[in-house]
Amino acid sequence: MSTLHMSRRDGPAPSRRTFVKGLAAGGVVVATSGLALPSVAHGMQPRSRLAPQDTLRGREFDLEIGQSTVNFTGADRTAITVNRSLPAPLLEWREGDTVTMRVRNTLNEDSSIHWHGLVLPANMDGVPGLSFDGIPAGGSYTYRFPVKQAGTYWYHSHSGFQEQQGLYGPIVIHPRDPDPVASDREHVLLLSDWTDESPQRIYRKLKKESHYYNWRQRTVVDLVRDVRRKGWSETMADRLAWGQMRMNAADLADVTGSTYTYLLNGTTPAGNWTGLFTPGERVRLRVINGSAMTYFDLRIPGLKMTVVAADGLPVRPVTIDEFRIAVAETYDVIVEPAGQDAFTIVAQAMDRTGFAAGTLAVRPGLRAAVPALDPRPVLTMDDMGHGGHGTPNAARPPSPPAAASAGQAPDPHAGHTMPAPPAPVPDPHAGHAMPAAPAPAADSHAGHVMPASQPSVASGDHGSHGGAAMQAHPKSERGNPLVDMQTMAPTSRFDDPGIGLRDNGRRVLTYGDLRSTFDDPDGRAPTRTIELHLTGHMERFVWSFDGQKFSDAEPIRLTYGERVRIVLVNDTMMTHPIHLHGMWSDVEDDQGNFMVRKHTVDMPPGSRRSYRVTADALGRWAYHCHMLFHMETGMMREVHVAEGAQS
Ligand SMILES: [Cu+2]
């Protein structure tokens, strides 16, 4: 029987600034381990004032939501915790059991717990306003449901910003049958982003100035502003030095390491969370991204990782050096550490403004070198939609002489900037004839009409499922003050490791590598397609589907038992992890075949991805971007599953 080991948060956390300074000074980590740093020097209380990380096993659980004092930076702060633990206790369940969680809320505000990725009755899902009324201040709620799956999951608050304040924890469900993944030992690695600021304050700052947390002068926001004012081609002509702008991925994170301290199992890099191994063992790492806003790129220098599960469910093993984990995703990997006493687990924030780190070691107290942060990746034209975005509020960009045919089209995966002056205008229409009149958008899966989508910028010629074709856009995006960008020719990007990970000399996992070990669990072809566009306005910091905020949108209505195809198109320059509650998302490959079953589907900029959903769960379900501040501004819908035909 393998053993689980979670973080034990003993020892103080030196300040992040101290740590970063130490890194900058010598490219190596601070000289002493976190455990050895005197807490008095930082004026900190020892970590023991917060209870050590618990593991709770069995069928019945008593969870108490409350406040605890934490200290990750040198300053005491109040976190929202479960059983006085951050992260919340690891819950170990067994597939086939019925579990009961008696949750008491001792806060003076409403709270909730959502069991992320779990298939369960709607009134157990924990989303206030949809599943139930929330758990009132001083009140309780009893969750009880049968566990119908196995694997690595997590739970978190679905109330306000409580998730950002610490209310998240891991779930491990052991299979009823022998585990298909053999291992000698396992560790949970829960990544998260902590801020000493109140999330409400961050939110206000984002609304006021959306690039507050970016340090660049010329941000994407500036670009969008110019494009809206002057049109795409004039903006590009003005910005002769597109290649010199060096827009980088820091511009692609709303909230960065300037406020965040990145945690591994509730521990700062200097605190050095350590997972033990014995050389020769197969060690299973259950990696969970419990961040509010941060994507991580995780690797363990010196070790290959074999990915064996995604979002809890088994995938065909694929051996890699590094993987990107979107907010709310989980990945299980197998490593076989040997030949060294210690290996560093490093998870860089996607924007390279910081990282979480810990150690795999043969005994406590060891460290290996911590690699320097990768350079900040440069944003390419391709990252903005495979050769350009349109602006729904500006005149349609003119089609200059075919830039693409002049060999200036960006390589879709090479990560190159556009050539320096004069910057050619990416032709969004290259190679595609504009129909004289808008034609109905053809479903990329032949034989279906997309009822929701009306072309507004371009239409027709929807080619192969994953190929670059002109993208139609819903009418509701047109002239919409909440929409500042549209992608012109999105693709699945299944083979793209993503911004900052291309050509880095390491074998990086892509979505295209993910294949469930099982066949399409439903097997029926979808009977209809629902296309939804991920939209936003960066300056206003509003995010939505189809330009409609949650508060203004009608529910998506599904008939119980039906099989539908959801097509997502990312019309923004941000990446969005889209999570459907209560039902699985069966991601399709570029040929429309079942690829991998997930609960959270990452949508990088310029991407178009589709998945099938079996509406096998009655009730009202949340469907949203898992970037907490994106969800909060409106990138969310209700999915309502009911019997019989719905209007
Ligand atoms: Cu989002």
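The values are calculated or read from the model by the stated rules, or taken from the named source; none is laboratory data. It should be emphasised that the depicted structure is a prediction, and the values quoted were computed from it without experimental measurement. All Cβ positions, even for glycine, are placed from backbone atoms using ideal geometry, and neighbour counts span all protein chains on display. Heavy atoms of the whole protein, side chains included, go into the accessibility calculation; ligands, DNA and RNA do not. Shrake-Rupley method; radii C 1.70, N 1.55, O 1.52, S 1.80 Å.
Does at least one position in the stretch 512-522 carry a residue that is under 17 Å from the mean Cα position of the chain (by Cα), within 16 Å of the ligand (Cβ to nearest atom) and crowded, with 18+ Cβ neighbours inside 10 Å? No, the stretch 512-522 contains no residue that is under 17 Å from the mean Cα position of the chain (by Cα), within 16 Å of the ligand (Cβ to nearest atom) and crowded, with 18+ Cβ neighbours inside 10 Å.
Going through (1) crowded, with 22+ Cβ neighbours inside 10 Å; (2) within 20 Å of residue 636 (Cα to Cα) one by one, residue 134 falls short only on (1).
Total residues in the stretch 342-369 satisfying the condition of being surrounded by 19 or more Cβ atoms within 10 Å (Cβ to Cβ) and in contact (Cβ under 8 Å) with a residue 60 or more places away in the chain: the figure is 17.
Of all the criteria given as (1) modelled with pLDDT of 95 or more; (2) in contact with a helix residue (DSSP H, G or I) (Cβ under 9 Å, 6 or more places away or on another chain); (3) within 16 Å of the ligand (Cβ to nearest atom), the one not satisfied by residue 538 is (1).
Being out of contact with any Ser or Thr (no Cβ under 6 Å at 6 or more places or on another chain), of a type outside the set (Asp, Glu), crowded, with 19+ Cβ neighbours inside 10 Å and modelled with pLDDT of 90 or more is a property that residue 339 lacks. Considering the stretch 554-565, and only residues there that are open to solvent by 10 Å² or more (accessible area, probe 1.4 Å) and in contact (Cβ under 8 Å) with a residue 24 or more places away in the chain, the residue that is nearest to the ligand (Cβ to nearest atom) turns out to be 556. The set of residues in the stretch 541-553 being surrounded by 15 or more Cβ atoms within 10 Å (Cβ to Cβ) and not aliphatic (A, V, I, L, M) consists of 541, 543, 544, 545, 546, 547, 548, 549, 550. Under the condition of being among the β-branched types (Val, Ile, Thr) and open to solvent by 10 Å² or more (accessible area, probe 1.4 Å), which residue from the stretch 90-131 is nearest to residue 62 (Cα to Cα)? Filtering the stretch 90-131 for residues that are among the β-branched types (Val, Ile, Thr) and open to solvent by 10 Å² or more (accessible area, probe 1.4 Å), the one nearest to residue 62 (Cα to Cα) comes out as 106.
Close Cβ contacts (under 6 Å, 6 or more residues apart or on different chains) running from residues in the stretch 622-637 that are open to solvent by less than 10 Å² (accessible area, probe 1.4 Å) to residues that are near the ligand (Cβ under 8 Å from one of its atoms) and assigned to a helix (DSSP H, G or I) comprise 624/631; 625/631. What single numbered condition from (1) within 16 Å of the ligand (Cβ to nearest atom); (2) modelled with pLDDT of 95 or more; (3) out of contact with any Cys (no Cβ under 6 Å at 6 or more places or on another chain) fails to hold for residue 631? The one condition residue 631 does not meet is (3).
Here's the yes/no breakdown for (1) modelled with pLDDT of 65 or more; (2) under 23 Å from residue 608 (Cβ atoms):
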{"residue": "346", "(1), (2)": "yes, no"}
{"residue": "351", "(1), (2)": "yes, no"}
{"residue": "357", "(1), (2)": "yes, no"}
{"residue": "362", "(1), (2)": "yes, no"}
{"residue": "367", "(1), (2)": "yes, no"}
{"residue": "370", "(1), (2)": "yes, no"}
{"residue": "377", "(1), (2)": "yes, yes"}
{"residue": "388", "(1), (2)": "no, yes"}
{"residue": "392", "(1), (2)": "no, yes"}
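Of all residues in the stretch 166-178, those satisfying the criterion of being buried (at least 24 other Cβ atoms within 10 Å of the Cβ) and either assigned to a loop (DSSP other than H, G, I, E, B) or free of Cβ contacts under 8 Å to residues at least 60 places away in the same chain (or both) are 166, 167. Given the condition buried (at least 24 other Cβ atoms within 10 Å of the Cβ), hydroxyl-bearing (Ser, Thr, Tyr) and more than 11 Å from the ligand (Cβ to nearest atom), answer yes or no: does some residue in the stretch 586-602 qualify? Scanning the stretch 586-602, I find no residue that is buried (at least 24 other Cβ atoms within 10 Å of the Cβ), hydroxyl-bearing (Ser, Thr, Tyr) and more than 11 Å from the ligand (Cβ to nearest atom), so the answer is no.
The numbered conditions (1) within 16 Å of the ligand (Cβ to nearest atom); (2) part of a strand (DSSP E or B) are all true for residue 638 except (1). Of all residues in the stretch 338-369, those that are farther than 11 Å from residue 272 by Cα and part of a loop (DSSP other than H, G, I, E, B) total 12.
Here's the yes/no breakdown for (1) assigned to a strand (DSSP E or B); (2) open to solvent by 10 Å² or more (accessible area, probe 1.4 Å):
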residue	(1), (2)
56	yes, yes
62	yes, yes
65	yes, no
69	yes, yes
75	no, yes
79	yes, no
88	no, no
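A residue that is within 12 Å of the ligand (Cβ to nearest atom) and out of contact with any Asp or Glu (no Cβ under 7 Å at 6 or more places or on another chain) can be found somewhere in the stretch 609-625. Could you please find all residues in the stretch 576-585 being within 16 Å of the ligand (Cβ to nearest atom) and in contact with a Pro (Cβ under 9 Å, 6 or more places away or on another chain)? Hit for the stretch 576-585 is 576, nothing else.
No other residue among 572, 529 is away from the ligand (no atom under 12 Å from the Cβ), buried (at least 19 other Cβ atoms within 10 Å of the Cβ) and among the hydroxyl-bearing types (Ser, Thr, Tyr) apart from 529.
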